[in-house]
Amino acid sequence: MFNVEQVREQFPILKSTVRGKPLVYLDNAATTQKPQSVIDAESHYYDALNANVHRGVHKLSQDATDAFEKARDTIQHFIGAQHREEIIFTRGATEAINLVASSWGRANLQTGDEILLSQMEHHANIVPWQLIAEQTGAVIKVIPMDETGTLNLTQFEALLTPKTKMLGITHVSNALGTVNPVQYMIEKAHQVGALVLVDGAQSILHHAINVVELDCDFFVFSGHKLYGPTGIGALYGKKHLLNAMPPYQAGGDMIFKVTFEKSTFNHLPYKFEAGTPHIAGAIGLGAAIEFVQSVGLQHIAAHEAQLLAYAAEQAKSIPQLRIVGQAKEKVSVLSFVMEGVHPHDIGTILDSEGVAIRTGHHCAMPVMDFFKIPATARASLALYNTQQDIDALFTALHRVTEMFLK
Amino acid sequence: MSDLRELYQEVIFDHNRHPRNFGKLVKANRHAEGFNPLCGDSLDLYLIVDNDRITDIKFEGQGCAISTASASLMTEVLKGKTLTEAEQLFEGFHQMVTTGQQPSFDIGKLSVLAGVSEFPARVKCASLSWHTLHAALNNSNQPVTTE
Ligand SMILES: Cc1ncc(COP(=O)(O)O)c(C=O)c1O
């Protein structure tokens, strides 16, 4: 059974105070807190296993390699990939998208080809494509959304043509919480011969992912948004696609044989893992996934959905508050603006009550442009949040209205 | 909590709700744009400088209470000042919001923003209009940012 108090016990930081108040952490879409098991796994690597991987004949190097490669297996099974070599370690979602845009894009895109993105993408799933579009002459097309923050699927289908070579789509919007119908979109995109990259940065901690069922060509996520360390994440890619792609970065580990005349490249996944990886981070990420599995994603999702509904209900008690992002399918994000109060001021007043939220454009400036607002305040949930956290949020928001709107 | 009251003084609310010298100055001979890319705040500052003296000044834009009030107070304080006096006020203001120390000379109403120094994340909000002033007086055509 899911017991939120037991879960909270495992996160040391949740016992801390901020400005004399207990920490109420509602900035989980930016990054999640880490359970003790993740902290322990990282420090155990440095305490007991520290050696470089894939290089030594000595025992310690072998142990480090085993632990590192075990983390790859954990990720593989967590997202349902068929082959372990389809999992490439990266610094995070951003680097994974850059890898695909750069490596696949340079080899495959030509003048006039189209890259289809949605209006609610994070900058990480916009700018890498803009760079490659500039270099190759490809063109970026944008799937529009409506006032609720739901993608217009009729427009989406109209934008799909034989010129569409790549669909880059976020599974869950970090700014709005919208869950996009990626399964359906992947199927449609494949019908015109396009590949699909799913940005799973915000879905990986709320949804069970099966990349084979989804049939996506690429899937990316960051460890730090999944209760794991920063600086580590993963790219999943279909094996035949990854095999056909040129290396992204070059250096040690990614080669078979180097001469000054020519080098030959290592096989997957090492072809895309040049240099010494973030070994401790990968091991920590493995531990984070094991933690999530031990709690159970279905329990986590149910708990978060109930809290989000409670928060949305509470929001009605503040007439000046308008929720931004009201899609039917949404998770764990309450993005809002308040008439007469700038989000920055909301953030500062909440902070003085120990409530941590994010204010700003959330790296999704086109979303702000669409709603004609400079910024929103965003509370985002994770498995350790409680009804008391939501109550603390709204008590603090009532203070905001007292101070600003009296 | 006392820090919060220090930050959000009545004067700040007043200038946020009713910003002074708000709007465009059609006859401006100095102009600059300022951005705070982190929060999306933007500001246009217009000045008429005559014989090294600021004879008129206005601003428009959108921002939080701190940046709006700071811009509004700045325009009030600067109107009629020489460029040398403006520069001195800039230095004094900057010192106050970063260190919390009131400068040795009188900076007038600007002193209500001293509380900002307790909120490092908000120093940029308070400084945006002043950085924009610098750009306008140096006739730089590049929009300034707080980053
Ligand atoms: C939807 C989405 N995509 C991509 C990213 C980028 O993740 P990272 O900064 O960990 O690479 C984020 C992070 O905010 C995100 O929310």
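The values are calculated or read from the model by the stated rules, or taken from the named source; none is laboratory data. Computed from a prediction, not measured in an experiment: that's the story for all the values here. Neighbour counts are summed over all protein chains in view; Cβ atoms, including those assigned to glycine, are modelled from backbone coordinates with ideal geometry.
Hand me the list of helices (runs of 4 or more DSSP H) wholly inside the stretch A:302-406 holding 2 or more residues that are touching a strand residue (DSSP E or B) at 6+ places or on another chain (Cβ under 9 Å) and under 15 Å from A:LEU176 (Cβ atoms). Reasoning before the result, please.
Numbers: elements: A:343-352, A:365-371, A:387-405.
In the stretch A:302-406, the matching helices (runs of 4 or more DSSP H) lie at A:365-371.
Under the condition of being under 30 Å from A:ASN28 (Cα atoms) and among the polar types (S, T, N, Q), which residue from the stretch A:138-181 is surrounded by the most Cβ atoms within 10 Å (Cβ to Cβ)? For the stretch A:138-181, the residue satisfying everything is A:SER173.
Quick check: is even one residue across the stretch A:33-54 within 16 Å of the ligand (Cβ to nearest atom), in contact (Cβ under 8 Å) with a residue 12 or more places away in the chain, more than 14 Å from every other protein chain (Cβ to nearest Cβ) and farther than 30 Å from A:LYS238 by Cβ? Yes: one or more hits. Select from the stretch A:182-202 the residues that are assigned to a loop (DSSP other than H, G, I, E, B) and more than 16 Å from the ligand (Cβ to nearest atom) and write down the one among them that is surrounded by the fewest Cβ atoms within 10 Å (Cβ to Cβ). Taking the candidates together, the pick is A:GLY193. Scoring A:PHE336 on the criteria (1) without any contact (Cβ under 8 Å) to a residue 24 or more places away in the chain; (2) more than 13 Å from chain B (Cβ to nearest Cβ); (3) buried (at least 18 other Cβ atoms within 10 Å of the Cβ) leaves a single failure, condition (1). Applying the criterion of being at pLDDT 95 or above and more than 17 Å from A:HIS123 (Cβ to Cβ) to the residues of the stretch A:360-379, the residue that is surrounded by the fewest Cβ atoms within 10 Å (Cβ to Cβ) is A:ALA377.
Search the stretch A:205-220 for residues being surrounded by 24 or more Cβ atoms within 10 Å (Cβ to Cβ) and without any contact (Cβ under 8 Å) to a residue 40 or more places away in the chain, and hand back the single one that is farthest from the ligand (Cβ to nearest atom). Checking each candidate, the answer is A:ASP217. Is at least one residue of the stretch A:85-100 touching a residue at least 12 places away in the same chain (Cβ under 8 Å), in contact with a Lys or Arg (Cβ under 9 Å, 6 or more places away or on another chain), under 13 Å from A:GLY237 (Cα atoms) and among the aromatic types (Phe, Trp, Tyr)? Looking for residues that are touching a residue at least 12 places away in the same chain (Cβ under 8 Å), in contact with a Lys or Arg (Cβ under 9 Å, 6 or more places away or on another chain), under 13 Å from A:GLY237 (Cα atoms) and among the aromatic types (Phe, Trp, Tyr), one finds at least one in the stretch A:85-100, hence yes. In the stretch B:63-77, the residues that are closer than 14 Å to B:GLY23 by Cα and within 14 Å of chain A (Cβ to nearest Cβ) form Cβ pairs under 6 Å with partners that are part of a helix (DSSP H, G or I) and of a type in the set (Ser, Thr, Tyr), at six or more places apart or across chains, as follows: B:ALA71/B:SER129.
Return yes when A:ALA282 is touching a strand residue (DSSP E or B) at 6+ places or on another chain (Cβ under 9 Å) and assigned to a helix (DSSP H, G or I) and no when it is not. I'd like the intermediate steps shown before the answer.
Working: touching a strand residue (DSSP E or B) at 6+ places or on another chain (Cβ under 9 Å): yes; assigned to a helix (DSSP H, G or I): yes.
Judged against the criteria, A:ALA282 is a match.
Taken together, the residues in the stretch B:17-43 that are in contact with a Phe, Trp or Tyr (Cβ under 7 Å, 6 or more places away or on another chain) and without any contact (Cβ under 8 Å) to a residue 60 or more places away in the chain amount to 6. Inside the stretch A:145-177, can you point out the residues that are in a strand (DSSP E or B) and under 19 Å from A:SER222 (Cβ atoms)? Listed by number, the residues that qualify are A:GLY168, A:ILE169, A:THR170, A:VAL172.
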